[in-house]
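Participant: Let me begin by handing over the structure; questions about it come next.
The values are calculated or read from the model by the stated rules, or taken from the named source; none is laboratory data. Computed from a predicted structure; not experimentally measured. Because the Cβ atoms are built from the backbone with ideal geometry, glycine has one as well, and the counts that use them run over all protein chains shown. Calculation scope for accessible area: heavy atoms of the full protein, side chains included, ligands and nucleic acids excluded. Shrake-Rupley method; radii C 1.70, N 1.55, O 1.52, S 1.80 Å.
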Amino acid sequence: MATLEDPLSVGGCEIRNRLYRAPLLECAGNGPDAVDTLIDDLEPAAESGVGLIFQGATIVREDGGCAAPGMTRVHDPEFVSRLSRLTDRIHDHGGRIFVQLEHGGLRSMETWHAEHRRENPALEQLAVSNPPWQLRLADRLGFLEYNPHVLSTEEVYELAADFGRAAASCVNAGYDGIHLSGANMGIIQQFCSPFYNRRDDEFGGSPEARLEFLALVHDEIRDRAGDVPLVSKVPAETPAPPTPIVRRKLSLTDGIEIARRLEAIGYDAVVPVQASVVWDMSIIRGEYPARAWANEALREGYDAAFGSPLRRRLVAFGNWLESLTYDFDPAWNAEFCKRVREQVSIPVLAEGGIRERGEMDRLLGTGTDAAACDMVGMARPFYAEPRLGARLLDLENGETAGIDNETRVLCENCNNCTVPQATGAPGICRTPAVLRERGSLERAGAYDRADSD
């Protein structure tokens, strides 16, 4: 049994409490203002008492692999060294920060972003295998555009080395740990998944071989970055849409076995998540973002991203249909996390739809329920309340808002923060009612903290 305020060790990294900021798109890029943008986005969570910050997905290569505009790349050690300003700021507040490493593979902008394709006609998607027939059909129908480059065995080794090199640069810049984006349809999930992986070399052909890329990345990071804490998301897949046309996928049982294998390989913590085999609203869940789609200031950006006003309207319609299937479900990964935790001895981190302090306590095992996890995290609520930790944590020092089981985040799961990111817009809360309530809480001092760290 643990409380949200109890410390936790992940791979030898001591974390002051069990609340974390899950990875989000910071849209910082690599320009001259990138480090300042990251500080502006991430420092408030550490100031408010949050124990662990996961910087959102960063790309390990110089070209390609971005799932959305404005993602930061960490292939260049000179650029990464400047991120020490960010890590220092997090440490100044007693927080810890891990960087999430990623490559989008078939999920990259080369697949779906029309303007990006026009500006970069030579870019190909890195692919584990030829795209599944369902995705090739979407290509023929004009919804997506694939020009895949299937990785040779030698190229798989080189990609894993890029993860290791990026990890080493980040550790040198002061990051406390490495988080691999092992789900949400990135290339790591594509290696793990029978939906994507049809290889006949050492990286495919069986459930064990499909995990060899994660084992290789582990070894590269250990060789190049040392004994740094290493965390990975662990996927379980649902079809999308939920129909019988997707037969090869990772079941919940498969996901549990992946977690067990990762512990045996040497990973220090896992984050079990359930999502579709493709990039859709199963990752975020909640309401149809009508306000974001109706925003006239964003329409030009939508048209550039999706190719035309007609295609924008088609994508918006598809988004509406997905919202009917993937309605908000509180703590939707809880059962998966609980079953994983029963099988592993390393920390299990839970995220996805966690919105109340009482819910966090139950997930950590406070009360009569068995614990489902060792840490709890949130993502979108930090767009709405950057200093959210001050409202959720019963801090020894500084003001609190009267923490009890009914303390709830302001985020309404409306997703108006997410869709604009297709245009390169920053991830911010865009819902007036939420922003008004945050203003009221700010005036009442709910986010104040006398930081004594």
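Participant: Can you check what the net charge comes to around Asp162, using other residues whose Cβ is under 10 Å from the Cβ of Asp162 (Lys, Arg +1; Asp, Glu -1)?
Facilitator: Values: positive: Arg61, Arg165; negative: Glu62, Glu158, Glu220.
Around Asp162, the surrounding residues sum to -1.
Participant: Something else: Which percent of the accessible heavy-atom area of segment 19-119 goes to carbon and sulfur, probe 1.4 angstrom? Numbers along the way, then the final one.
Facilitator: Working: 1250 of 3060 Å².
Taking all protein chains in place, segment 19-119 shows 41 percent carbon and sulfur surface.
Participant: Further, regarding this structure: Based only on Cα atoms, what Rg/Rh ratio does segment 39-106 have, Rh being taken as Kirkwood's radius?
Facilitator: Values: Rg = 12.9 Å, Rh = 12.8 Å.
Radius of gyration relative to Kirkwood radius: 1.01.
Participant: A further question follows. Regarding segment 89-226, what are the three Cα extents along the principal axes, ordered largest first, in Å?
Facilitator: Cα extents, longest axis first: 52, 37, 22 Å.
Participant: Over the alpha-carbon set of the chain, work out the extent along each principal axis and list the three values in angstrom, largest first.
Facilitator: Reported extents, whole Å, longest axis first: 57, 51, 46.
Participant: How many percent of the accessible area of segment 143-193 is carbon or sulfur, using a 1.4 Å probe? Display every interim value, and only then the final one.
Facilitator: On the way: 730 of 1500 Å².
It is 49 percent, rounded to a whole number.
Participant: For Ala294 and Arg85, FRET efficiency with R0 = 60 Å and r from the beta-carbon atoms, rounded to 0.05? Mind showing how you got there, number by number?
Facilitator: Numbers: r = 38 Å, r/R0 = 0.64.
Between Arg85 and Ala294 the formula returns 0.95.
Participant: I've got another one for you. Over the Cα atoms, compute the radius of gyration (one decimal) and Dmax (the largest Cα-Cα distance, rounded to a whole number) for segment 297-371, in Å.
Facilitator: Cα only, segment 297-371: 19.3, 55 Å (Rg, Dmax).
Participant: While we're looking at this one, here's another question. With every protein chain kept in place and ligands, DNA and RNA left out, what is the accessible area per residue of the chain? Probe 1.4 Å, answer in Å².
Facilitator: Details: 17810 Å² over 453 residues.
Averaged over the residues of the chain, the accessible area is 39 Å².
Participant: Quick one: ranking Arg96, Arg391 by accessible area, 1.4 Å probe, largest first, what do you get? Don't skip to the answer; put the middle values down first.
Facilitator: On the way: Arg96 70, Arg391 20 Å².
Ranked list, largest accessible area first: Arg96, Arg391.
Participant: I'd like the accessible area for Glu47, computed on protein heavy atoms only with a 1.4 Å probe and all protein chains in place. Round to 10 Å², please.
Facilitator: Counting only protein heavy atoms, the figure is 60 Å².
Participant: What do you reckon, how do Glu220, Glu202 stack up by accessible area (1.4 Å probe), largest on top? All intermediate terms of the calculation are to be shown ahead of the outcome.
Facilitator: On the way: Glu220 30, Glu202 90 Å².
These residues rank, largest area first, as Glu202, Glu220.
Participant: While we're looking at this one, here's another question. I'd like the accessible area for Arg313, computed on protein heavy atoms only with a 1.4 Å probe and all protein chains in place. Round to 10 Å², please.
Facilitator: 130 Å²
Participant: Return the equivalent ellipsoid semi-axes of segment 177-240 as a descending list in whole Å, where each equals the square root of 5 times an eigenvalue of the C-alpha gyration tensor.
Facilitator: On the way: eigenvalues 98, 45, 10 Å².
After scaling each eigenvalue by five and taking roots: 22, 15, 7 Å.
Participant: I've got another one for you. Kindly report, to the nearest 10 Å², the accessible surface of Trp133 as traced by a 1.4 Å probe over protein heavy atoms only.
Facilitator: Surface accessible to solvent at Trp133 totals approximately 120 Å².
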